[in-house]
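One structure is given here, and the rest of the page talks about it.
The values are calculated or read from the model by the stated rules, or taken from the named source; none is laboratory data. Since we're looking at a predicted model, the values are computed, not measured. Heads up, the Cβs are rebuilt from the backbone with ideal geometry, glycines too, and the neighbour counts pull from every protein chain shown.
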Amino acid sequence: MDLVAKILTLIINKRIMKHTAWILWLLLVCSSSYAQQAKVAMTGTPKGIYIDVNDLEMAKQGYLVLRKGAGDKEFLPIQHISALQSLETVRQRIKDLLFIFPESGNLSDSLSQGLWQAWEDPLKQQQYLTLQIPQIRIGFGLGLMDTTAVLGQNYSYKIIATDGSEYNATMTYNLPKVDFAAIKSIEVDPGEAYPILRFQSAITQAAPLFEIYRRVRGSGSDFRPVYSTRGLSGNSQNDSVIYYLQDTTALQSVRYEYYLIGKDLFGNQGTSSDTVTLQVGGFRNINRGFNVRTAAIDGGIKIYWEPLEQRYALQNILLYRSDNYDTNYRLLATVPVTDTLYVDQSVRAGKNYYYQLLMQGESAISFPTARVSGIATGIVNILPPTQVHAYMKGNLPTLEWQHVDSLNVAGFYIYRSFDANGELRQVSNFIPYQTKEQFYHYQDSSATIGDVISYYAIAAVSHTQSLSPLSEVVKLSIPKGQQVEIASPKQLRYLWMDKEKVSITWYDMDKIVNGVNYYNVYRKSKDEPAFPTSVFAKVETNEFVDTLRRAGVYDYAVQVVIDSTKTSALSSPIQVERILEKPLAPLKVRLYAVDDTRLLIQWDHSATAMKAYNIYRSSGKADPQLLKTILGDQFEYVDTELIKGNSYYYFVTSIDTNSIESDRSQEVFYSE
């Protein structure tokens, strides 16, 4: 596993560092190939001088560190870094400086083992030269702390390797001012119980650590750090860092001033934010209600919502109702903040109502919740249609009836049977009630055979979908030779169920055509001039699921089959296009020089298993050429065909199990 990926799991401290692992990634992979650094570099920190020894061999073999101050006549030894022989040495070095660095702590066993395995891999050792985490560098002998230095004094250092080579460096011990990206406040909330503050910074040059300072406004006292619940994360666009504080030490009714200051991994302070002020308690934005729903119950409509988790500053829940979605909302009820439901009993069956909630605080009201609709569906007793007559009009059986209940009736359904003792089945769609109509008429276009006697009845439907008893049954003789053309399926639609399966649905013709046995489904490719005569599939319901593994455009049509012999014309065709999706390109392609003639290329694991990866390379202005194809379970490749003095460009592509190649990854560059 890549060392960088291991460090992403870094949890130096469970309180803070688990929230900053992704920020540390910025420090690790800010460049795709490591830069050559000076052998010895020094940085002032609040706890002393940090000395960086950027040499792997010295870290392995050990070295002696000597120092000469302004009043010293000669160099005196201050530390001896022993040879690095085991993981226990790494752990002990980190433990010895446990509280020197901010937010520090012991390494977990799994992370320690992963780091040690990477250290013992010759190809991955080079990555430690760019690993800018001081605790890790000290553990592996690539750095040390001089905690006895005095601020403002001049010091000279001499580092002697086991082979006798020396390195010299001097510095005046001062604390540097770190230049982080600008930090601004984006939320200042007095909170229901504790103040909440959020600050924002651009992700480029963002501070990996931070402190928040506070003082009582108007007191003239100094700002002091706040030790309370805090953390940081990225925003949804992943272009900013959000710093968070919940001040559990604040006192009610006191007005405070706050500001945030960024820190580097040594504890050096950098850019500070603007100063914000707030008064704790009461004066805040009230959170709105969540997940408001309705349900029809006996006697009314139930409105219910999620319990309010934060209700310390709330007084009531205000429930509003309207007959219109957009306007005229009126207060229906005021309920306690501990309630999670209310039953609206002043409703009319079958009528739509719209509801929304507002939370009332001590001095403010929340934004309204999303509006939800409800309809009462209580059982309504209604009378059946009367004065039902049946007769032939042209080639079609025709019904006529009457109903005078304009308040509770919403419409009608027609039922039919060709057997005097058979079951009456619904043959019509919903027929709306018209207040101006004295008589209703319906023509049965689904009666497809002649020389039979048909039996009809009608039921009224309420606004709550309650059915009346059936009307009287009337019979009609359909003369011999009377036939109606069988209607073709209509309203064809398709819906992708996954990347390969598509569901084709159409109107349930059994509702309008009597005696439907099954449906014939026909399929052809876009290039075929007509549908084949052979049936592609037979289905008994109004849905067909097809599996399309190959890319292309396909046409579908459906045919009704009655009595196993009579068929309708084909429906209007529907066109479905299957497009094979490209896999995602590999992410975070990076380069590490192994030596003058070898270059290690690495990239992140793909979210889904890949068949292979293609590595492409270009030298100068030449077009990219395929350098190597490797198996999908490998995520690195060593290029051993480098020519000194040449510059190279690399990119990688993924090949999925369908042999589809992705777009290019981000291009990376290497030059000596």
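Out of Ser322, Ser272, report the one residue that is at pLDDT 80 or above, in contact with a strand residue (DSSP E or B) (Cβ under 7 Å, 6 or more places away or on another chain) and in the same structural domain as Val347 (by TED's automatic domain parsing).
It is Ser322.
Among the residues of region 177-187, is any surrounded by fewer than 17 Cβ atoms within 10 Å (Cβ to Cβ) and among the small types (Gly, Ala, Ser)?
Looking for residues that are surrounded by fewer than 17 Cβ atoms within 10 Å (Cβ to Cβ) and among the small types (Gly, Ala, Ser), one finds at least one in region 177-187, hence yes.
Would you say Phe544 is assigned to a loop (DSSP other than H, G, I, E, B) and surrounded by 15 or more Cβ atoms within 10 Å (Cβ to Cβ)?
It is false that Phe544 is assigned to a loop (DSSP other than H, G, I, E, B) and surrounded by 15 or more Cβ atoms within 10 Å (Cβ to Cβ).
Could you please find all residues in region 52-88 being in a helix (DSSP H, G or I), out of contact with any helix residue (DSSP H, G or I) (no Cβ under 8 Å at 6 or more places or on another chain) and either surrounded by fewer than 16 Cβ atoms within 10 Å (Cβ to Cβ) or free of Cβ contacts under 8 Å to residues at least 60 places away in the same chain (or both)?
The answer is Glu57, Lys60, Glu88.
Give just the number: which of (1) touching a helix residue (DSSP H, G or I) at 6+ places or on another chain (Cβ under 7 Å); (2) modelled with pLDDT of 90 or more; (3) aliphatic (A, V, I, L, M) does Ile601 not satisfy?
Status for Ile601: all satisfied but (1).
Consider region 196-206. How many of its residues are aromatic (Phe, Trp, Tyr) and in a loop (DSSP other than H, G, I, E, B)?
0
Determine, yes or no, whether Tyr194 is under 18 Å from Gly44 (Cα atoms) and either of a type outside the set (S, T, N, Q) or surrounded by 16 or more Cβ atoms within 10 Å (Cβ to Cβ) (or both).
In short, no.
Tell me, which strands (runs of 3 or more DSSP E) lie completely within region 109-173 with 2 or more residues that are in the same structural domain as Tyr63 (by TED's automatic domain parsing) and touching a helix residue (DSSP H, G or I) at 6+ places or on another chain (Cβ under 9 Å)?
Passing ranges, in order: 143-146, 154-161.
Regarding region 295-314, can at least one residue be identified that is more than 30 Å from Leu467 (Cα to Cα), among the β-branched types (Val, Ile, Thr) and at pLDDT 85 or above?
no
Here are some conditions: (1) closer than 28 Å to Thr249 by Cβ; (2) part of a loop (DSSP other than H, G, I, E, B); (3) modelled with pLDDT of 90 or more. Phe210 meets all but one. Which one does it not meet?
(2)
Please work out which residue is surrounded by the fewest Cβ atoms within 10 Å (Cβ to Cβ), limiting yourself to region 92-108 and to residues that are touching a helix residue (DSSP H, G or I) at 6+ places or on another chain (Cβ under 7 Å) and among the charged types (D, E, K, R).
Glu103
Out of all the residues in region 185-195, which are assigned to a strand (DSSP E or B) and either modelled with pLDDT of 90 or more or among the acidic types (Asp, Glu) (or both)?
Those that are assigned to a strand (DSSP E or B) and either modelled with pLDDT of 90 or more or among the acidic types (Asp, Glu) (or both): Glu187, Asp189.
So which residues in region 60-71 are modelled with pLDDT of 90 or more and not β-branched (Val, Ile, Thr)?
The answer is Lys60, Gln61, Gly62, Tyr63, Leu64, Leu66, Arg67, Lys68, Gly69.
So Phe290 clears everything in (1) closer than 28 Å to Asp339 by Cα; (2) in contact with a helix residue (DSSP H, G or I) (Cβ under 7 Å, 6 or more places away or on another chain) except one condition, right? Which one?
(2)
Check Leu642, Leu584, Leu591 and return the single one that is surrounded by 15 or more Cβ atoms within 10 Å (Cβ to Cβ), over 35 Å from the mean Cα position of the chain (by Cα) and in contact (Cβ under 8 Å) with a residue 12 or more places away in the chain.
Exactly one of Leu642, Leu584, Leu591 is surrounded by 15 or more Cβ atoms within 10 Å (Cβ to Cβ), over 35 Å from the mean Cα position of the chain (by Cα) and in contact (Cβ under 8 Å) with a residue 12 or more places away in the chain, namely Leu642.
Restricting region 344-361 to residues that are in a strand (DSSP E or B) and either touching a residue at least 60 places away in the same chain (Cβ under 8 Å) or among the hydrophobic types (A, V, I, L, M, F, W, C) (or both), which is farthest from Ile303 (Cα to Cα)?
Among those that are in a strand (DSSP E or B) and either touching a residue at least 60 places away in the same chain (Cβ under 8 Å) or among the hydrophobic types (A, V, I, L, M, F, W, C) (or both), it is Gly361.
Here are Leu232, Leu251, Leu245: which of them is under 30 Å from Gly48 (Cβ atoms) and either modelled with pLDDT of 90 or more or surrounded by fewer than 13 Cβ atoms within 10 Å (Cβ to Cβ) (or both)?
Going through Leu232, Leu251, Leu245 in turn, the sole match is Leu245.
Report yes if some residue within region 644-665 is among the hydrophobic types (A, V, I, L, M, F, W, C), assigned to a loop (DSSP other than H, G, I, E, B) and out of contact with any Leu (no Cβ under 9 Å at 6 or more places or on another chain); otherwise report no.
No.
Checking the condition over 19 Å from Glu103 (Cα atoms) and under 24 Å from the mean Cα position of the chain (by Cα), which residue from Thr204, Thr249, Thr277 passes?
After ruling out the rest, the residue left standing is Thr204.
Among the candidates Pro208, Pro190, Pro176, single out the residue that is under 21 Å from Gln279 (Cβ atoms) and out of contact with any Pro (no Cβ under 8 Å at 6 or more places or on another chain).
Exactly one of Pro208, Pro190, Pro176 is under 21 Å from Gln279 (Cβ atoms) and out of contact with any Pro (no Cβ under 8 Å at 6 or more places or on another chain), namely Pro190.
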